[in-house]
Amino acid sequence: MTGEVRTVFRGGIVHCVDASTTQLLEDGVLGLDQSNRIVFVEDGSQLALLQDRYGFAADARTIQLKPHQFLMPGFIDTHIHASQYPNAGTGLDMPLLQWLETYTFPTEAMFANPEFAQNAYEKVVQRTLRSGTTACSYFTTIHREASTTLVETCERLGQRAYVGKVCMDRNSPSTYIEVTNESIRETEAFVQATLARNSELVTPIVTPRFVPTCSSQLMTGLGEVARRYNVPIQSHVSENAGEIEWVRQLHPQCSSYSDVYDVHGLLNSKAIMAHGVHLSEAEMQLLSARKVGVSHCPCSNYGILSGICRVRDLHQHNVKVGLGTDVSGGHSPAMLESLRLALIASKTVHFQEPALAPLRLYEGLHLATLGGAEVMGLQDQIGNFAPGKHFDALIVDPSSIDSPIDVFAKDKFSDRVEKFLFNGDDRNIVTVFVNGKVVKRLASAPALTADF
Ligand SMILES: [Zn+2]
């Protein structure tokens, strides 16, 4: 519930009301209560009415954005390997299975070293926050101690996160593999310890890496842990042709890749499955029936030669879709890059299948914000500026110091928003709020009150 209005932001505001509706307010007002939850978002012309309705004329402190600046919800990255961040932007010259063996497993094995883990996790949380990502669903490595380091780092630096200790007990290098029962025990211990922190920001997520590296016994045990503690689940599905064939050989009794997860009790409304590039009709129906969310990771799908996810088709099957950077199969930790490639990928799909219309810009913004919240099951908490939600938000300044964007007198508000989404970067994100607290602030930022 929301209470008294304590703070009012005034300036440009853009957010997705739902999958097909975006609210653009050139002169908007957004009110926060004493716990920095959103009370209202309206056109500035309604201010006097709002003051009457909420009785904040004398008390609420107004934060006036500078010309050209606007507020938008923070980006939500529904699939990112924090442990692969040291490799981001390298090694994108081979398909998934070779790429894992050659680059990824050796790097992940290095997280047995606590200092290496601390340094890498500090950097990935700082970098994603700086890029405007206010919530992430992270994969770590098989190491429980290092996974806890990421939990602590997200709490300290102020990022909302799901953190998942990776589980793998077969078809993995001898130096980077777990014993089945130990993997389940370590996962349970990690889930218990993380829940015991009662963190406002961090939730544990059960994380079988993917079918080829997880035995039936492991997948079943992990499903039981997720149910026992009522925590979410994340993994990968139908990413790459070679991988799908391997899964078919490993589980010939299952009707599809998705069916393997289903028979092991891993598909439910709290499950996030990355990629879904090559899903069959029956699999889309299964994911829809189980209310599973799909994390679309176009940077990675291009980068390691997987193919292109048919987002429009998933939507037509009523499957929830968000965006993921999938660092480091994806080269960039910036969600703006994933948003752009999602738009381009949808055009490539359209070339191949004209009946599937390309995504419009604001559908891309929806994937990167509210769609991601839906995939993480946090649609009542974050993703847009609906009353009652947490204030996870960005102040964007197309005219910031060193801006990569040029603004012209002819530009409408919507042009400035579009220019940022296509040509902007972290230099334009002048303030980042998570849970109503400032976690990034650049020199171009507007003056804030002491409450932040
Ligand atoms: Zn991944």
Long-range amide H partners of Lys440, meaning residues 5 or more apart or on another chain whose placed amide H is closer than 5 Å, are Val432
Dividing the helical contributions, -39500 (n - 2.57) per DSSP H run of n ≥ 4, by the residues of the chain yields a 222 nm value, nearest 500 deg cm²/dmol, of -10500 deg cm²/dmol
Ordering 428-436, 182-190 by per-residue average of other C-beta atoms within 10 angstrom, highest first, gives 428-436, 182-190
Label model pair Ala112, Arg248: point-to-point distance (7 angstrom along the Cα→beta-carbon line) in nm is 3.7
Distance in Å, no decimals, from the C-alpha centre of the range 393-452 to the one of the range 321-361 is 23
Amide H proximity to Phe40 below 5 Å, modelled H, separation 5+ or other chain, gives Gly31
To the nearest 20 debye, the chain has a Cα-centred charge dipole, built from +1 on Lys and Arg Cβ and -1 on Asp and Glu Cβ, of 500
Zone reached by a paramagnetic label modelled 7 Å from Ala443 Cα along Cα→Cβ, restricted to the range 377-401 with backbone N below 11 Å, covers 401
Helix 114-130: inclination vs the chain longest Cα principal axis, degrees, rounded to 10, gives 40
For Arg61, other-chain or 5+-apart residues with amide H closer than 5 Å (H placed, Pro excluded) are Thr7, Val8
In nanometres, the difference between 0.36 nm per residue of separation and the alpha-carbon distance of Gln352 and Asp93 is 90.8 nm
Projected onto their principal axes, the Cα atoms of the chain stretch, largest extent first, over whole-Å spans of 66, 51, 39
Among the range 348-367, those whose backbone N falls under 19 Å of a label point 7 Å along Cα→Cβ from Ser20 are 355-367
Ala450 and Thr220 label points (each 7 Å along its Cα→Cβ direction) are spaced in nm at 6.1
Packing-ranked peptide list from 362-368, 9-15, 327-333, 399-405, highest mean Cβ count within 10 angstrom first, is 327-333, 362-368, 9-15, 399-405
Contour minus Cα-Cα span, Thr175 to Thr102, at 0.36 nm per residue, comes to 24.9 nm
Highest mean packing first, using Cβ neighbours within 10 angstrom, the peptides 274-280, 196-202 sort as 274-280, 196-202
For the chain, longest principal axis from Cα atoms; helix 216-229 axis from its Cα atoms; angle between them, nearest 10 degrees, is 30
Calc'd 3J(HN,Hα), the range 179-194, phi into Karplus 6.51 cos²θ - 1.76 cosθ + 1.60 (θ = phi - 60°), Hz, glycine/Pro = x, comes to 8, 3, 5, 5, 4, 5, 4, 5, 4, 4, 5, 5, 5, 4, 5, 6
Set Lys165/Lys320; Lys291/Lys419; Lys347/Lys440; Lys320/Lys389; Lys270/Lys389, cut-off 26 Å on Cα-Cα distance; pairs above it are Lys291/Lys419; Lys347/Lys440
The alpha-carbon center of the range 76-93 and that of the range 107-158 are separated, in whole Å, by 12
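FYI, it's all coordinate maths here, none of it is from the lab. These numbers come from a predicted model, not from an experiment. Backbone-built Cβ (ideal geometry, glycine too); neighbour counts: all protein chains shown.
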